[in-house]
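K.L.:
Attaching a single structure in structure tokens format; questions to follow.
Derivation of every value follows stated rules applied to the coordinates shown; laboratory data play no part. It should be emphasised that the depicted structure is a prediction, and the values quoted were computed from it without experimental measurement. All Cβ positions, glycine included, derive from the backbone under ideal geometry; neighbour counts span all protein chains shown.
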Amino acid sequence: MTNILNVENLEKTYKSGEKELKVLDNISFNIQVGETFAIVGPSGSGKTTLLGLCAGLDQSDTGEIELCGTKINTLNEDERALLRNKNVGFIFQDFQLLSTLTALENVTVPLELQGAKNPDIIAKDLLGKVGLADRIDHYPSQLSGGEQQRVALARAFSNNPSILFADEPTGNLDAETSEKVVQLLFDLNKEAGTTLVIVTHDMDLAKMTQRILRLQRGKIMQEQTVG
Ligand code: ADP
Ligand code: MG
């Protein structure tokens, strides 16, 4: 099996003025193509920071990250953006939809920016799959939290990513809505064969993945295979 993500001896320190805060220390793990993977740990343990580094949104101080066969440490911002556009999908706790765009536009605009063919067809198909076929002209403010996250799901899968990173995807949703969103996430994932990395507080959600990494104060406490 090939790895889609290799993380080796990762370290990250935030500096503010004189103060230094080491938020990730000696992090090494890897994820196989097609695997589903959860990162759990208390608030402030470094989960979001780790996800940002793995996805090439941010840069580490030391250590090495290989994403989709490319060592991303040596890439500049533009090169990392290109790699992300081609290979990576994101889902955030607060959905991060653009409020001035409709549900449909929230999915088509990023595709257009990436120069994709037929953004409208792709977007409508995905919005249909997440059950929003009749809501495509609605703005985020006209949609419930669960519906907004479903739009975000459609957007995340729209570029056919090899790997999808989700940071607390159900953190702002009630239990019932969470369950629906999670089901859709895993269904879309299965259909697309995407590698899935989920940061979550929710152990029930974490246990739906194949492997769980537990962080505490920036260090790996435990790696566990589920089932
Ligand atoms: P988690 O997602 O597990 O809650 P984070 O990765 O968001 O943890 O944060 C880890 C630690 O790093 C926290 O102590 C947080 O306050 C700190 N931190 C996060 N981002 C920054 C930043 N941009 N500048 C300074 N400190 C930060
Ligand atoms: Mg976080």
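K.L.:
Assign one of three labels to the stretch 74-227, namely rounded, prolate or oblate, based on the Cα gyration tensor with a ≥ b ≥ c the square roots of its eigenvalues; rounded applies when a/c is under 1.5, prolate when it is not and a/b is larger than b/c, and oblate otherwise.
P.N.:
Details: a/c = 1.86, a/b = 1.30, b/c = 1.43.
Oblate.
K.L.:
Label-point separation (nm) for LEU21 and SER144, each offset 7 Å from Cα along Cα-to-Cβ?
P.N.:
Taking the simple label geometry, LEU21 and SER144 are separated by 3.5 nm.
K.L.:
Which residue fluctuates most in the GNM of the chain (Cα springs below 10 Å): ASP58, ASP187, ASP134?
P.N.:
Of the options given, ASP134 has the highest mean-square fluctuation.
K.L.:
Return a whole-number percent for the relative contact order of the chain, with Cα pairs under 8 Å and 6 or more residues apart as the contact set. Write out the running numbers ahead of the final one.
P.N.:
Numbers: 431 pairs, mean separation 63.7, N = 227.
The normalised contact order for the chain reaches 28 percent.
K.L.:
Turning to a different aspect of this structure: Going 7 Å from the Cα of LEU82 toward and past its Cβ, which residues in the stretch 29-58 have a backbone nitrogen under 18 Å from where you end up?
P.N.:
Only 56-58 fall inside the zone, counting backbone N under 18 Å.
K.L.:
Still on this model: Among the aspartates and glutamates, select those whose C-alpha is under 19 Å from the C-alpha of LYS19, and discard any that sit fewer than 8 residues away in the same chain.
P.N.:
Reachable aspartates and glutamates: GLU11, ASP61.
K.L.:
About its Cα centre, what dipole magnitude does the stretch 1-102 give when the only charges are +1 on Lys and Arg Cβ and -1 on Asp and Glu Cβ, stated in debye to the nearest 20?
P.N.:
Values: 9 positive and 14 negative charges, 42 e Å.
Charge dipole, the stretch 1-102, about its Cα centre: 200 debye, nearest 20.
K.L.:
Work out the length of the dipole vector of the chain about its Cα centre, built from +1 on the beta-carbon of each Lys and Arg and -1 on the beta-carbon of each Asp and Glu, and round it to the nearest 20 debye. Before the final figure, lay out the partial values.
P.N.:
On the way: 22 positive and 31 negative charges, 60 e Å.
So the magnitude is around 280 debye.
K.L.:
What number, in percent, do you get for the relative contact order of the stretch 1-75 if the mean sequence gap of Cα pairs under 8 Å and at least 6 apart is divided by its residue count? Walk me through the intermediate numbers first.
P.N.:
On the way: 122 pairs, mean separation 29.5, N = 75.
39 percent.
K.L.:
Something else now. What nm distance separates the two modelled labels at ASP174 and LEU57, each placed 7 Å from Cα along Cα→Cβ?
P.N.:
Output for this residue pair reads 2.8 nm.
K.L.:
Same structure, new question: Under a GNM of the chain (C-alpha, springs under 10 Å), which listed residue has the highest mean-square fluctuation: ILE121, ILE212, ILE198?
P.N.:
ILE121
K.L.:
Please state the shape class of the stretch 139-227: rounded when a/c is under 1.5, otherwise prolate if a/b exceeds b/c and oblate if not, all from the C-alpha gyration tensor. Walk me through the intermediate numbers first.
P.N.:
Values: a/c = 1.97, a/b = 1.47, b/c = 1.34.
Note, shape of the stretch 139-227 comes out prolate.
K.L.:
Please list, or write none, the lysines whose alpha carbon is within less than 16 Å of the alpha carbon of LYS71, excluding same-chain residues fewer than 8 places away.
P.N.:
LYS86
K.L.:
Let me ask you something else. Within the stretch 121-227, what is the number of lysine pairs with alpha carbons under 26 Å apart, leaving out pairs fewer than eight places apart on the same chain?
P.N.:
9
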